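Working notes, beginning with the structure itself.
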Amino acid sequence: MKAADIFKRAIGEIFYPEGVTCAVCGNDLDASSRYGICPGCSVPFISLCCEKCGAALSERGRRYCDRCVGGNDGHSFDVARAPFPYARDSVRKLVHKLKYGKQPYRAKIMAVSMADFLSGLGWNDTDLITFVPLHPKKLRQRTYNQSELLARNIAEISSLPVAATLKKTTYTKKSAASLGREERLQLLRNTFAVGYGADIKGKNILLVDDVYTTGATADECAKALKAKKARTVRVLTYATSIGDKSVTYAYDEEEGIRRLRETEGAD
């Protein structure tokens, strides 16, 4: 990258972080770009997915992914959806910029596509948006909760109320992102609780997170919400896994930071 281009990109990141350049590759954007991503990096919304967890499917005619086959999935949430597959490089890179790259303003870009996708799901009876919490120690380390930023931006766009209804009661030093579903469930079991005074009884809750992989986090959050009489818990994430392959596309935090640095250095 030429020195002039580096300077131009740096100025754009400081003063116009949400739209002057592509959030993924840094190329110039025109004013018509709605999601802050150039045509070369854009990914279409998932059109074929598991009816339960929303995992992307490549085989037409299937109703459920490999994990939810037959609908006997054991999930605590009612349904989950995401606009994009995490397997796509541009999607993964944008998630990493938000989650590990100390770039909280990316949430505003990502929330636009999530809100657009949400508007087509027919979840018009949503009463409240909430989000997957971080343990206070993790929040101090990261300085912000990416899921909360996404939720609050979606709420603003969609004119829906948003509240921090959940808290994480146990600090898990080991990252769940690199584990399989059963290991995740064991690690996360009973680590979420509904906060004091949260008004969720009889409400249809929209739970927001950045990425859906095995559903273990969403399950534990939904379990806590339903224990306090939430009527339904639907999950919306920016990205989701591939449902017809036994593959998890998540990385643990150290791996995510390393890959982000590698891709940033390659620009």
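The values are calculated or read from the model by the stated rules, or taken from the named source; none is laboratory data. Bear in mind the structure is a predicted one, so any value in this text is a computation, not a measurement. A quick note on method: Cβ atoms are made from the backbone with ideal geometry, for glycine too, and the neighbour counts reach across all protein chains shown. Heavy atoms of the whole protein, side chains included, go into the accessibility calculation; ligands, DNA and RNA do not. Shrake-Rupley method; radii C 1.70, N 1.55, O 1.52, S 1.80 Å.
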| said: With the structure loaded, tell me whether residue 71 is under 29 Å from residue 191 (Cβ atoms), at pLDDT below 90, open to solvent by less than 40 Å² (accessible area, probe 1.4 Å) and not β-branched (Val, Ile, Thr) or whether it fails that test. | reply: yes
| task | Return the pairs, sorted by first residue and then second, in which the second residue is assigned to a loop (DSSP other than H, G, I, E, B) and open to solvent by less than 40 Å² (accessible area, probe 1.4 Å), the first residue lies in region 42-69 and is of a type in the set (S, T, N, Q), the beta carbons are less than 8 Å apart, and the residues are 6+ apart or on different chains. | result | 58/48; 58/244
| request: Name every residue in region 182-225 that is assigned to a helix (DSSP H, G or I) and either in contact with an Asp or Glu (Cβ under 9 Å, 6 or more places away or on another chain) or at pLDDT below 90 (or both), in order of residue number. | output: 182, 183, 184, 185, 186, 187, 188, 216, 217, 218, 221, 222
| message | I need the full set of residues from region 49-68 which are open to solvent by 30 Å² or more (accessible area, probe 1.4 Å) and either more than 19 Å from residue 235 (Cβ to Cβ) or in contact with an Asp or Glu (Cβ under 8 Å, 6 or more places away or on another chain) (or both), in order please. | response | 52, 58, 59, 60, 61, 62, 63, 64, 66, 67
| message | I need the full set of residues from region 19-41 which are of a type in the set (Ser, Thr, Tyr), without any contact (Cβ under 8 Å) to a residue 40 or more places away in the chain and open to solvent by less than 80 Å² (accessible area, probe 1.4 Å), in order please. | response | 21, 33
| query | Is at least one residue of region 101-121 open to solvent by less than 10 Å² (accessible area, probe 1.4 Å), closer than 23 Å to residue 216 by Cα and in contact with a Phe, Trp or Tyr (Cβ under 8 Å, 6 or more places away or on another chain)? | reply | yes
| task | Can you run down the residue pairs with Cβ atoms below 6 Å, 6 or more apart or on separate chains, where the first is in region 127-153 and among the small types (Gly, Ala, Ser) and the partner is in a loop (DSSP other than H, G, I, E, B) and open to solvent by less than 40 Å² (accessible area, probe 1.4 Å)? | result | 147/132
| task | State yes or no: is residue 152 at pLDDT below 95 and within 24 Å of residue 102 (Cβ to Cβ)? | result | no
